[in-house]
Amino acid sequence: MTGDLPPPPIACVLSEHRQGSLIQIEAEIRSTSVKSGTYRLLVSKQGSSGSTQVSQQSDFSLASDPIMRLQGPRFSLEPDARYRARLAIRAGIDEYLCESEGPDGANPI
């Protein structure tokens, strides 16, 4: 028996936006049923100039809008460097995770 599965209570999208050698990581949290929780956005970068890790976290509320946009870190990315972005969301006892690696353009998960 097959059937359509309902969408998850929370969906997220990670994307990168470039301006020259600078990259801005952005995230979206979407839900029509979950109204609040916490998030943690962790971005790590590895390249010839070394490695770095940036983290931001906060509570969020979707009470007035089912979509929340987050502006993550902005950083310089040398030609041989790579990054990994990870968005962890907690709503009550449930946890959700989105991940993206780049630079390869926008990469929704």
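Below are the figures for this structure:
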item	result
Sole exception among (1) of a type in the set (Asp, Glu); (2) surrounded by fewer than 13 Cβ atoms within 10 Å (Cβ to Cβ); (3) in contact (Cβ under 8 Å) with a residue 24 or more places away in the chain for GLU26, by number	(2)
Residues of the range 55-69 classified as crowded, with 16+ Cβ neighbours inside 10 Å and farther than 12 Å from ILE10 by Cα, total	1
Unique residue being closer than 26 Å to GLY20 by Cα, without any contact (Cβ under 8 Å) to a residue 40 or more places away in the chain and in a strand (DSSP E or B) when the list is GLU101, GLU95	GLU101
Selected residue (criterion: nearest to the chain's Cα centre (by Cα)) from residues of the range 21-56 that are within 24 Å of ASP80 (Cα to Cα) and either acidic (Asp, Glu) or part of a loop (DSSP other than H, G, I, E, B) (or both)	GLU26
GLU26 being among the charged types (D, E, K, R), touching a Phe, Trp or Tyr at 6+ places or on another chain (Cβ under 9 Å) and under 17 Å from GLU101 (Cα atoms)	no
Any hit, the range 29-38, residues being crowded, with 18+ Cβ neighbours inside 10 Å and at pLDDT below 90	yes
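The values are calculated or read from the model by the stated rules, or taken from the named source; none is laboratory data. Since the structure is predicted, the reported quantities are computational estimates derived from the model, not experimental observations. So basically every Cβ, Gly included, is an ideal-geometry build from the backbone, and we count neighbours across all protein chains shown.
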